[in-house]
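So the structure is just underneath, and the comments pick up after that.
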Amino acid sequence: MGPNWLSAKDEDGHRRLDQPDDYVRVEIAAALNRDIPVIPVLIDGARVPKARELPNDIAALTRRHAVEVRNSHFRRDADGLTEQIREVLKLKRTASGCKFIAPAVAVIALVVLGLIGAYEKRNGFAALATF
């Protein structure tokens, strides 16, 4: 989530998150609905939104532990994100066996990469693509 994630608009001026077919919203809602771990990644000082700022199907995102990734500390922050993903996967493996590991990794990766990609495209920022 970048600083403008909540207010990002489509070409018609409508907030993207309010559209039921927005790919980021669809991915987050699907993961939350299936109880797949989602780790919000905060970029460049972004904050975790309040539940009332999000559509109902993704409002539970606000109850997830977020990880901050700052350009000035990218390596350290990316290492922290990697460690958090490992912990989530370890807990999932312990709680329910290995059958959810691949989908969890896939969803986490898609959400993180999708958010970073959208952020880069919107802001013309390429430095985060190097990890």
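The values are calculated or read from the model by the stated rules, or taken from the named source; none is laboratory data. Everything numeric in this text was worked out from a predicted model, so none of it was measured. Cβ coordinates were reconstructed from backbone atoms using ideal geometry, including for glycine residues, and neighbour counts include every protein chain displayed.
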Tell me which residues, restricted to segment 66-75, are part of a helix (DSSP H, G or I) and either among the hydrophobic types (A, V, I, L, M, F, W, C) or surrounded by fewer than 11 Cβ atoms within 10 Å (Cβ to Cβ) (or both).
Ser72, Phe74, Arg75
Only one residue in Arg16, Arg25 is modelled with pLDDT of 85 or more, buried (at least 16 other Cβ atoms within 10 Å of the Cβ) and in contact with an Asp or Glu (Cβ under 7 Å, 6 or more places away or on another chain). Which one?
Arg16
Scan segment 64-115 residue by residue and report those that are modelled with pLDDT of 80 or more and within 16 Å of Ala30 (Cα to Cα).
Arg64
Does segment 9-49 hold any residues that are over 15 Å from the mean Cα position of the chain (by Cα) and assigned to a loop (DSSP other than H, G, I, E, B), and which are they?
Asp10, Glu11, Asp12, Gly13, His14, Gln19, Pro20, Asp21, Arg34
Conditions (1) surrounded by 15 or more Cβ atoms within 10 Å (Cβ to Cβ); (2) outside any loop (DSSP other than H, G, I, E, B); (3) modelled with pLDDT under 60: number failed by Phe125:
(2)
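Looking for something over 15 Å from Gly2 (Cα atoms) and either in contact with a helix residue (DSSP H, G or I) (Cβ under 9 Å, 6 or more places away or on another chain) or loosely packed, with under 12 Cβ neighbours inside 10 Å (or both) - is there at least one such residue anywhere in segment 42-49? Write out each step before concluding.
Of all residues in segment 42-49, those over 15 Å from Gly2 (Cα atoms) come to none.
Looking for residues that are over 15 Å from Gly2 (Cα atoms) and either in contact with a helix residue (DSSP H, G or I) (Cβ under 9 Å, 6 or more places away or on another chain) or loosely packed, with under 12 Cβ neighbours inside 10 Å (or both), one finds none in segment 42-49, hence no.
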